[in-house]
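Values in this text are rule-based calculations from the coordinates and carry no lab data. Quick caveat: nothing in here was measured; it's all calculated off a predicted structure. All Cβ positions, even for glycine, are placed from backbone atoms using ideal geometry, and neighbour counts span all protein chains on display.
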Amino acid sequence: MSIHAFVNRHNGPDDAEVNMMLEQIGASSLTQLIDETIPRKIRLSEELNLPDALSEMEYLNELKKLSLKNKVFRSYIGMGYYNTFTPTVIQRNIFENPGWYTAYTPYQAEIAQGRLEALLNYQTMICDLTALPLANASLLDEGTAAAEAMNMVFNLRSKEQIKNGVAAFFVDDKLFPQSKDILITRAEPFGIKLIFGDITTHEFNQDFFGAILQYPDSEGSIQDHSALVASLNQKGIKLVVASDLLSLCLLSPPG
């Protein structure tokens, strides 16, 4: 197979090259190869009912017509699913800054360097706004990011906590339910013991290495947790805040 022409590199082997490969593996045709490798019971017995192929322009026009059928309604789901407004300056310079991806061809892994730069800038901004030393900027959903933060705190336990087998992680009752479910799944293989309750009234002891709360919480309430942060910091317990305002911040309060 020639590798010098663009069309050959991207369109695959021609008939002669296919026959050469079939001869090498001892199959007379692609049909025989499929018969010998894919069980007949999981294959369709008829052809797919597909429309005729469209040109790129026809396809884009079809997508545009389809998109005009969308209707945007006000969301009352809550639990992290809120109507939001993104200022143009943030969208253009943070989320869609071409300087972070046009330097690389879009199908190469190097585009990740641009993403990392964007995330670093975002994390720096969050740290500046919160005056805290560390901010998590997960590319995944909020629940998975919460689990990442929990595991991070678990791995950051002090030598004394590790020696004493400290493995309890407190989960506030008002954390979003989807985040709770992911925490439960992720905690089990790491041997992390999840304790659920009201974080504002719970009496913390040295059995806990960390805690997580929602801000604003599942009821939409915004509370001043400065006293709680100070108390947990004094006990060596790190607090994770799952926040729709500031993404997920791993709070390691200065002290």
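Please find the FRET efficiency linking Asn93 to Gln178, where r is the Cβ-Cβ separation and R0 is fixed at 30 Å, and quote it to the nearest 0.05. Efficiency for this residue pair is about 0.50. For Lys193, list the lysines whose Cα falls under 23 Å from its own Cα; do not include residues on the same chain fewer than 8 positions away. Excluding near neighbours in sequence, the set is Lys159, Lys163, Lys174, Lys180, Lys235, Lys238.
Would you calculate, for the chain, the mean residue ellipticity at 222 nm contributed by helices, counting each DSSP H stretch of 4 or more residues as -39,500 (n - 2.57) and dividing by all residues, to the nearest 500?
For the chain, the value works out to -12000 deg cm²/dmol.
Each of Glu56, Glu148 was scored by other Cβ atoms within 10 Å of its Cβ. Listed from fewest to most, they are Glu56, Glu148. The label-point distance for Ser231 and Leu156, in a model that sets each label 7 Å from Cα toward Cβ, rounds to 2.1 nm.
Summarising the amide proton neighbourhood of Lys193: residues at separation of 5 or more, or on other chains, whose placed amide H is nearer than 5 Å comprise Ala168, Phe169.
Springs between Cα atoms under 10 Å define the GNM used for the chain, and in it the highest mean-square fluctuation of Pro189, Pro133, Pro51 occurs at Pro51. Could you check the spin-label model distance between Thr86 and Thr201? Points 7 Å from the Cα along Cα→Cβ, value in nm. About 4.0 nm, to one decimal. Could you grab the relative contact order for the chain? Cα pairs under 8 Å, six or more apart, rounded to a whole percent. Worked out over the chain, it gives 16 percent.
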